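I have placed the structure first, in the form of structure tokens, so that the comments after it can refer back to it.
The values are calculated or read from the model by the stated rules, or taken from the named source; none is laboratory data. Just so we're clear, the structure is a prediction, and the values are computed from it rather than from any experiment. So basically every Cβ, Gly included, is an ideal-geometry build from the backbone, and we count neighbours across all protein chains shown. Accessible surface areas use protein heavy atoms only, side chains included; no ligands, DNA or RNA. Shrake-Rupley method; radii C 1.70, N 1.55, O 1.52, S 1.80 Å.
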Amino acid sequence: MPGAAPLPRMVLAQAGMEARLMLRNGEQLLLAVVIPAIVLVGGVQGADRIGLDFSRPAVDVLTPGVLALAIMSTAFTSLAIATGFERRYGVIKRLGTSPLSRTGLLAGKVGALLLVEVLQVAVISGVGLAMGWSPRVDVVAVLLSLVLGTAAFAGLGLALAGSLRAEATLAAANLVYLLLLAGGAVVLPTSAYGDFGEVVRWLPSGALGNAMRDALLDSAVAWRELAVLVGWAVGGAVLTARTFTWE
């Protein structure tokens, strides 16, 4: 039959293709899985050596933060870099000639990210459990944190990739990743940042880190942090829809 497929079918097809491409890319898997696992192992050992006191075992505090870091690395850094080079090589331009809209492209990429994040959660959780992690899980809170955190960072990553050249996107995405890793309260709780913690908790990194810690440390839903993520997700989606160019 002539005509475009329904939007849900187009989004699912796009998500499946994006997930396959990401899983075939060794560099993307390194950023998505290996680096967060190294941060977790090194962070737990470093906290024990320097006597950093979290009032709880270091592995219990750091594992939720590293899960948040993994989401950020995939939904923001990997997505922005991959999309930036797709624009450069004309892949996005060709998608623009199809019935797939900007909204459909965003939804398809977010769906692919969620599939990859299932692998990330499995690997990092396995490493944490092997190191003695004892989570108190609120499944609903974890799912809300994962989905909203992915949406927030994906919108920002696509906005970045859709308005800059590929090389500029590569540099900016890595710079933002390092800055948020060091000072965005994603791995460490906001209490570790003193007075500055009240500022970084409004960043998407701080909100996602706190939401994951509440969900896996106290089995609670961090409604304020989830609301912050909703705000970033909506803002990123609107910015992407208005500024994203196909080439």
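Sort through Ala154, Ala237, Ala207 and tell me the only one that's surrounded by 22 or more Cβ atoms within 10 Å (Cβ to Cβ), within 13 Å of the chain's Cα centre (by Cα) and within 29 Å of Leu95 (Cβ to Cβ).
Values: Ala237 fails: within 13 Å of the chain's Cα centre (by Cα); Ala207 fails: within 29 Å of Leu95 (Cβ to Cβ).
Only one candidate passes the filter, namely Ala154.
Taking the criterion of being more than 18 Å from Asp138 (Cβ to Cβ) and of a type in the set (Ser, Thr, Tyr), the residues of the range 194-245 that qualify are Ser205, Thr240, Thr243, Thr245. Filter the range 60-84 down to residues that are of a type in the set (Val, Ile, Thr) and open to solvent by less than 10 Å² (accessible area, probe 1.4 Å) and give me whichever is farthest from Leu113 (Cα to Cα). Here the answer is Val61.
One residue stands out among those in the range 189-200 that are touching a Phe, Trp or Tyr at 6+ places or on another chain (Cβ under 9 Å) and either of a type in the set (A, V, I, L, M, F, W, C) or open to solvent by less than 60 Å² (accessible area, probe 1.4 Å) (or both): the one that is modelled with the lowest pLDDT, which is Ala192.
Name the one entry in Leu216, Leu146 that is closer than 25 Å to Ile81 by Cβ, open to solvent by less than 30 Å² (accessible area, probe 1.4 Å) and touching a residue at least 40 places away in the same chain (Cβ under 8 Å). Spell out how you get there, then give the answer.
Working: Leu216 fails: closer than 25 Å to Ile81 by Cβ.
Every option except Leu146 fails the conditions.
Within the range 134-149, the residues that satisfy the criterion of being at pLDDT 90 or above and under 16 Å from Ala70 (Cβ atoms) are Val142, Leu143, Ser145, Leu146, Val147, Leu148, Gly149.
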